[in-house]
Amino acid sequence: MKRVVDLFAGCGGLSQGFEYAGFDIVGAFEYWDTAAKCYAANFSHPVYSDDLSNVEQSVKKIKQLNPEIIIGGPPCQDFSHAGKRIENERAALTECFASIITTLNTQWFLMENVDRAHNSKSYAAARHIFKTAGYGLTEVLLNAALYGVPQRRKRFFCIGSLGAPDGFLLDYIENSRSEKEMTLRDYFGNSLDFEYYYRHPRNYCRRAIYSIDEPSATIRGVNRPVPLGYPGHANDACQLNPSIRSMTTLERSLVQTFPPDYKWLGNKTETEQMIGNAVPVKLAEFVAKALAHHISAEPFIIDYAPFFGWLQDTQIVSEKTQGDVVSRLKRANSICPINSEPDAFYLFTLEQTPEYKAMGSSVRSQLKRAVTLYSDYLNIP
């Protein structure tokens with residue numbers, strides 16, 4: 001499993017999706033205290049309430065977790081449909097996110113945001129940082145209802161892989177798209193106790209009553225009851241009647257495809273905001289599986305520089321010995337390519353090669369020691 005760190009993690013939608021896809025989340029960072037506590041209640045790995053605008057300090061802390069992949073959604077309020085669409089210092093966190101990734105030089109990353117973010121100046125600056133560092137980018141706008149979520153919600157994803165061509169995941173994503181949007185009835189079956197529900201519009205020029213035989217409208221960070229003076233709309237799924245209500249907080253979290261037993265902390269307003277801000281779990285899981293597919297098809301490339309740095313920081317040996325260890329690891333890799341984390345089976349396979357068998361016992365021992373150290377490096381807690 002690849003080691004993942006989630007930045008701007010919120011209440012954990014991306015992390016939950018990546019865990020479902022089989023990745024190993026080893027740490028998360030979330031500055032909003034309520035969301036950080038909610039995240040911590042649902043995961044066993046640590047969550048840090050650090051200010052990620054301090055790139056140098058953040059890099060030092062994240063590096064200790066030894067991530068192979070960084071994921072995250074920098075704050076998107078400045079790009080959202082609600083309120084004033086003005087970029088400010090919060091939008092600059094998108095550039096901080098890019099700087100953290102390129103400084104750590106992780107092989108892969110994933111960044112998500114609201115649909116209009118890809119047209120922003122801040123994203124353009126982040127994109128330039130990614131491309132300058134050598135990342136191939138898959139930039140795509142996804143409708144969650146076409147990827148296993150009963151909600152018409154558009155999110156922008158930028159997925160990066162060092163040395164890959166741009167658009168490296170587009171074929172997989174296109175080929176995996178559903179032919180029809182998922183409705184609430186498709187997802188929940190007959191478990192819902194309503195056929196129609198109210199979702200408060202931004203203004204009364206828009207409809208507010210929906211059927212479960214269509215995807216949910218985008219789950220936002222507010223959840224209001226039916227107002228006494230609601231005038232109705234020509235496109236409402238039915239006329240307003242006493243049985244029509246807004247969804248409960250729990251129902252909204254389920255539409256966001258969080259599991260039913262997810263623990264929600266904070267008051268009602270904070271919980272509704274966390275749910276509305278989150279990436280739908282099943283959408284995150286799909287994108288994580290797309291990345292896993294790419295990784296499994298991609299040749300394994302050893303980045304020797306950080307391994308050398310780890311030897312220097314953790315092993316009490318001379319600089320010459322550190323260089324010898326790296327040299328022996330390279331030799332082992334040339335004899336028997338390391339395609340994943342080297343384990344006992346890899347060592348057994350290495351030992352069966354004619355070139356290895358022809359070596360003296362001392363050289364064989366040194367190669368095995370180098371491989372074991374590299375395995376230890378990959379498994380840093």
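The values are calculated or read from the model by the stated rules, or taken from the named source; none is laboratory data. The shown structure was predicted, so the numbers you read here are calculated from the model rather than taken from an experiment. Glycine gets a Cβ as well: all are built from the backbone with ideal geometry, and neighbour counts include every protein chain shown. For accessibility, only protein heavy atoms count, side chains too; no ligands or nucleic acids. Shrake-Rupley method; radii C 1.70, N 1.55, O 1.52, S 1.80 Å.
Among residues that are on the phi > 0 side of the Ramachandran plot, open to solvent by 10 Å² or more (accessible area, probe 1.4 Å) and modelled with pLDDT under 95, Gly163 is included. Contact map, the stretch 288-309: residues that are modelled with pLDDT of 85 or more paired with residues that are surrounded by 15 or more Cβ atoms within 10 Å (Cβ to Cβ) and of a type in the set (Gly, Ala, Ser), Cβ distance under 6 Å, separation 6+ or inter-chain. Pairs shown: Ala288/Gly17; Ala288/Ala21; Lys289/Ala21; Ala292/Ala21. Under the condition of being more than 21 Å from Leu283 (Cβ to Cβ) and in a loop (DSSP other than H, G, I, E, B), the residues counted in the stretch 23-63 number 11. Mind checking whether some residue in the stretch 349-366 is in contact (Cβ under 8 Å) with a residue 24 or more places away in the chain, out of contact with any strand residue (DSSP E or B) (no Cβ under 9 Å at 6 or more places or on another chain) and under 30 Å from Ile62 (Cα atoms)? No, every residue in the stretch 349-366 fails to be in contact (Cβ under 8 Å) with a residue 24 or more places away in the chain, out of contact with any strand residue (DSSP E or B) (no Cβ under 9 Å at 6 or more places or on another chain) and under 30 Å from Ile62 (Cα atoms). The single condition from (1) among the hydrophobic types (A, V, I, L, M, F, W, C); (2) touching a Ser or Thr at 6+ places or on another chain (Cβ under 7 Å); (3) touching a residue at least 60 places away in the same chain (Cβ under 8 Å) that Cys336 fails is (3).
Every residue in the stretch 339-373 that is open to solvent by 60 Å² or more (accessible area, probe 1.4 Å) and either in contact with a Ser or Thr (Cβ under 8 Å, 6 or more places away or on another chain) or closer than 25 Å to His294 by Cα (or both), please.
Asn339, Ser340, Glu341, Asp343, Phe345
Taking the numbered list (1) closer than 20 Å to Val281 by Cα; (2) of a type in the set (Lys, Arg); (3) at pLDDT below 95; (4) over 27 Å from the mean Cα position of the chain (by Cα) in turn, Arg206 passes all entries but (1). Checking Arg252, Arg245 one by one, the residue that is charged (D, E, K, R) and open to solvent by less than 50 Å² (accessible area, probe 1.4 Å) is Arg252 and no other.
When restricted to residues that are outside any loop (DSSP other than H, G, I, E, B), open to solvent by less than 40 Å² (accessible area, probe 1.4 Å) and within 29 Å of Gly167 (Cβ to Cβ), the stretch 288-308 contains 6. The residue list Asn235, Asn223 contains one member that is assigned to a loop (DSSP other than H, G, I, E, B), open to solvent by 20 Å² or more (accessible area, probe 1.4 Å) and closer than 30 Å to Cys38 by Cα, which is Asn223. Strands (runs of 3 or more DSSP E) fully within the stretch 64-146 that include at least 1 residues being open to solvent by 30 Å² or more (accessible area, probe 1.4 Å) and at pLDDT 95 or above: 135-143.
Filtering Leu329, Leu378 for residues that are aliphatic (A, V, I, L, M), surrounded by 11 or more Cβ atoms within 10 Å (Cβ to Cβ), closer than 29 Å to Gln64 by Cβ and out of contact with any strand residue (DSSP E or B) (no Cβ under 9 Å at 6 or more places or on another chain) leaves a single hit, Leu329. Starting from residues that are under 17 Å from Ile70 (Cβ atoms) and either surrounded by fewer than 23 Cβ atoms within 10 Å (Cβ to Cβ) or among the aromatic types (Phe, Trp, Tyr) (or both), keep the ones in the stretch 23-39 and report whichever is farthest from the chain's Cα centre (by Cα). Only one residue fits best here, namely Tyr31. Counting the residues of the stretch 1-22 that are part of a helix (DSSP H, G or I) and either without any contact (Cβ under 8 Å) to a residue 40 or more places away in the chain or among the small types (Gly, Ala, Ser) (or both) gives 4. In this structure, is Ser178 open to solvent by 60 Å² or more (accessible area, probe 1.4 Å) and in a loop (DSSP other than H, G, I, E, B)? No.
Among the numbered conditions (1) without any contact (Cβ under 8 Å) to a residue 60 or more places away in the chain; (2) surrounded by fewer than 20 Cβ atoms within 10 Å (Cβ to Cβ), the only one that Gln273 does not meet is (2). Answer with yes or no whether Tyr172 is in contact (Cβ under 8 Å) with a residue 60 or more places away in the chain and either under 27 Å from Gly232 (Cα atoms) or in a helix (DSSP H, G or I) (or both). In short, yes.
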